[in-house]
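Derivation of every value follows stated rules applied to the coordinates shown; laboratory data play no part. Everything numeric in this text was worked out from a predicted model, so none of it was measured. Note that we place each Cβ from the backbone using ideal geometry, even for glycine, and neighbour counts take in every protein chain shown.
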Amino acid sequence: MSNSTKYIGKSVPRVEAADKATGRALYGADIHLPGMLYAQVVRSPHPHARIKSLDTGPALAIEGVKAAVTARDLPALTDIGRALGNEGAMGLEWFRRLVLAHDKVLFEGQAVAVVAATTPEIADAAAGAVAVEYETLPVIGDVLEAMRDDAPLLHEDLYTATLGEKPTRPSNIAAHQEVARGDVEKAFAEADFVLETTYKIQRVSHGYLETQAAVARAEPDGRVTVWTSTQGIFNAQRQICAALSLTQSLLTVVPMEVGGGFGGKTYAAVECLCIMLSRKAGRPVKLVVDKSDALRAAGAGAGAYATVKASATKEGRLTACSLQLVYDIGALPNSHAPGGMRSLGPYKADNLKIEARNVVTNKLAALMYRAPGSTQGNFAVESHMDAMALGLGIDPLTFRMINAVEEGDDDLLGTTFGPIGLKEVLNRVARHPTWTKPLRGRNRGRGLALGYYTGLVNTNSSVLLHVHRDGSVTVVTGHVDLTGTRTALRQIVAEELQVPLENVTVQSKDTSSAPYSDHTVGSRTLYTFSLAVHSACGEVLAQMKERAAGRLGVDPGTVRYSEGMFRAGRGKSKSISWQEITRLSVRQLGGPITAMGSATSNHPPCFAAHITDVEVDPETGKTRILRYTSFQDVGRALNPGLIEGQVQGAVVQGMGWALGEELMYDQGHLQNPNLFDYRMRTASDVPFIDNVLIEVPAPQNPYGFRSVAELPIVPVPAALANALFRATGARFNNLPMTPEKIFWALREGSPSSRRRL
Amino acid sequence: MGKTPGTIKKTSIAVTINGESHELEVKPWQTLLDMLREVLHLTGTKEGCGDGNCGACTVILDGREVNSCLVLAPEVDGSEILTIEGLSVQGVLDPIQRAFVDHGAIQCGFCSPGLILTTRAFLAENPHPTEPEIRVAIAGNLCRCTGYDKIVRAIMSLARP
């Protein structure tokens, strides 16, 4: 790939932006079909209860009510379904409980039944008429409580998933992972300086503005179509078919625009409810989740306790670090611990250990939330490294530079780092005015935190290219576009095929028309589909060179392509244009030009550093963020404008997590199920977010791309905590760092005692 | 048991939406948002929270921006309403829409119709605002994707004299 590119590296606007600006773009709730019914969900008011009786009869007696569904309507599981369903992070049995409660409810707001009626009002009345009798059970509200030996069991058949010895009795610990190298205890005992602290990270909401919404239409012959704002149509198809024993070829999942996902639209529960109702009623059914129900019952970002212990020499060399993480994953076992296993990624000590547990509680499931598990671990580790540097009397950037990993070092999971950008990131920070220019003024402080993330492993993306008679190109993708997928595909195809950007159109298609792609999660999309599209473009050019050679009467190996012309030999006599080949192809050159590209890949390591300046108002405890700068190694920037937007969004999301957002529970009951009491950052709470993009190309990608979208939330809470320490003298180990906590820390601590907080 | 919802008498209203007059039968409890989306199928107006906290359902009612989820449909009898569908004329983007597109202020796009209409009402009152004024003016419109950076820059580009 040459360095002079026409479209790669350019900030072209998103292809669908005008549709979104004019209200033409269609989201899950915007579908309206003739004869469509409206669904409403009957939800449990209790966080933990046995369902003693459940009667939908009174609802069905209301005029206009056409169908009601409970867990009794879920079909028996088949072997094919079991195999399909257990592929994801959440096993099939648990996913079916996300769809509908079985014999007991496990969290407040869990769906117990669902009804469909001719109007939303009748559906509401019908949901209220469903008779449910509950026997309440003790609520497990906190993970520390849940891990006690005498704790009541949430699931009587839950045995800890572990690589070690299989447990002999069930517990509330769903998973236990441990990785280590060296001997941390020995290193702690021998060290000049040791520090240990426990940090607490609260549960948060994904905060997407569009709640889950879907419309399903079941046909009498067994075919089903579902229109949904899911993050992955093929993953949704797999989950639905497994849970409902449907044949995959009978189900078409149509991607709608997604009004924010962040990992919260990765389980197709709402889709299952719509399909079950539509099959019973014989009419299309729409279900749009209320915001309060989404906050209560759709999915959350996990809370966690994190204990970090680290030791260093007096010169500042980290000799050992251990991290113990306990995630509050809610009632339905799924994966968070793997995210925590990356938390020590930036550091190269000889002795490292991470232990992570997923623990179940009577709360809604913690689904993947932007860099799942990573932000929690990072807050603890990066707060701790800051405290280590201060304790040793070393500048926090210097402390990071002494201990930063580089090419050739092994990470804790045993992978040897190839070319990585951490040193470049730190060097840029060291030279940048956001770090070098002193911050003056009272109640102000500057914080630094590092971030590390790698995307998912072993995921697939595929694309289909069609070259039309007029030479224009259609790209068909089954990728759900959350982050600019269509725009990015267009840029790469135009670059590779050397055709004008305007002649490339990307179509997001459904599961019956597009080749397979995994969901848009885990910062995987651009990295993997660029591999797929690279191979598809290569295939198109090979086909066209062969056809050009045939027309020119030369060997295909001698044909060169550039700027719309295929040439052989010297001079113009031996050339044929792109358009000439595309025009002749269907009738005279062997058929249409079409190619599929597919790639299954892992993702490269990505590093970032964040710097922020804050000012605290001692009267109110309120934090004002004066400046925020992200330094991130993006490998190579395909579309700098889109990257900046991703980073800015992630940073502000992280500011919310750090300073105010919290799903607040009382015995499993959510206390703030609305956007007034669950307060996300507004435009007036934040400054502009500055971006420094660093480009250390990823070696396994033909363009050098790295993953971008999740990493920039990871360091935010720690960067702010470290800045707040310098502004207030108080170390905040317990998120969120609300004005109340800051106010009391300032009130209670005299300058000397504050240092110990 | 009271009356089932379907049997309550509807109210007739006359309203101008995006320059077109409509005579509509609406339910007394129906919100303006519901009327736009479910009766007229003007789905460009989005429902984010349904209780006035997110601004995604913002429309312009007689020159002022309102959360259409907090206005009852019978109240808009005799009013003029501008929704996102009425902003571009004959397929040409309004300057605010253009600025949002060109500045990369649109990501998932769910908040965009509301933000664009809030911006329109705000700039009509204050054509040359400062950055802090812009931030306060759009503070009623939540966005989870952009961090507001490019939205504020898009509005600043319009605010220059």
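Some notes on this structure:
- Exactly one residue among A:R357, A:R317 is buried (at least 21 other Cβ atoms within 10 Å of the Cβ), away from chain B (no Cβ under 14 Å), of a type in the set (K, R) and in contact (Cβ under 8 Å) with a residue 12 or more places away in the chain, and that residue is A:R357.
- Breaking point among (1) within 13 Å of another protein chain (Cβ to nearest Cβ); (2) surrounded by 17 or more Cβ atoms within 10 Å (Cβ to Cβ); (3) closer than 22 Å to B:L123 by Cβ, for B:I81: (1)
- Subset of the stretch B:84-117 that is touching a strand residue (DSSP E or B) at 6+ places or on another chain (Cβ under 9 Å) and small (G, A, S) - its residue that is surrounded by the most Cβ atoms within 10 Å (Cβ to Cβ): B:G114
- Of A:G391, A:G414, A:G377, all but one fail to be of a type in the set (G, A, S) and on the phi > 0 side of the Ramachandran plot; the exception is A:G414.
- Residue in the stretch B:114-134 that is under 23 Å from A:I689 (Cα atoms) and at the interface with chain A (Cβ under 7 Å from one of its Cβ atoms) present: yes
- Only one entry of A:M680, A:M655 meets the criterion of being within 14 Å of chain B (Cβ to nearest Cβ), among the hydrophobic types (A, V, I, L, M, F, W, C), assigned to a loop (DSSP other than H, G, I, E, B) and touching a residue at least 24 places away in the same chain (Cβ under 8 Å), and that entry is A:M680.
- Residues in the stretch A:125-162 that are closer than 14 Å to A:L106 by Cα and of a type in the set (S, T, Y): A:Y134, A:T136.
- Any hit, the stretch A:128-135, residues being assigned to a helix (DSSP H, G or I) and within 14 Å of chain B (Cβ to nearest Cβ): yes
- Counting only helices (runs of 4 or more DSSP H) that sit wholly inside the stretch B:83-137, not one has at least 3 residues that are in contact with a Gly (Cβ under 6 Å, 6 or more places away or on another chain), of a type in the set (K, R) and more than 27 Å from A:A650 (Cβ to Cβ).
- Extreme residue, surrounded by the fewest Cβ atoms within 10 Å (Cβ to Cβ), among residues of the stretch B:8-65 that are within 11 Å of the chain's Cα centre (by Cα) and more than 11 Å from chain A (Cβ to nearest Cβ): B:R64
- Picking from residues in the stretch A:11-62 that are within 21 Å of A:V99 (Cα to Cα) and in contact with a Gly (Cβ under 7 Å, 6 or more places away or on another chain), the one that is farthest from the other protein chains (Cβ to nearest Cβ) is A:H48.
- Scope the stretch B:124-161; condition out of contact with any Cys (no Cβ under 8 Å at 6 or more places or on another chain), among the basic types (K, R) and closer than 17 Å to A:A683 by Cα; matching residues: B:R135, B:K150, B:R153
- Filter pass, A:R560 being without any contact (Cβ under 8 Å) to a residue 40 or more places away in the chain and either more than 30 Å from A:E748 (Cα to Cα) or in contact with a Ser or Thr (Cβ under 8 Å, 6 or more places away or on another chain) (or both): yes
- Within the stretch A:410-429, the residues that satisfy the criterion of being loosely packed, with under 15 Cβ neighbours inside 10 Å and within 22 Å of A:H384 (Cβ to Cβ) are A:D410, A:L413.
- Residue in the stretch B:92-110 that is free of Cβ contacts under 8 Å to residues at least 60 places away in the same chain, more than 9 Å from chain A (Cβ to nearest Cβ) and of a type in the set (D, E) present: no
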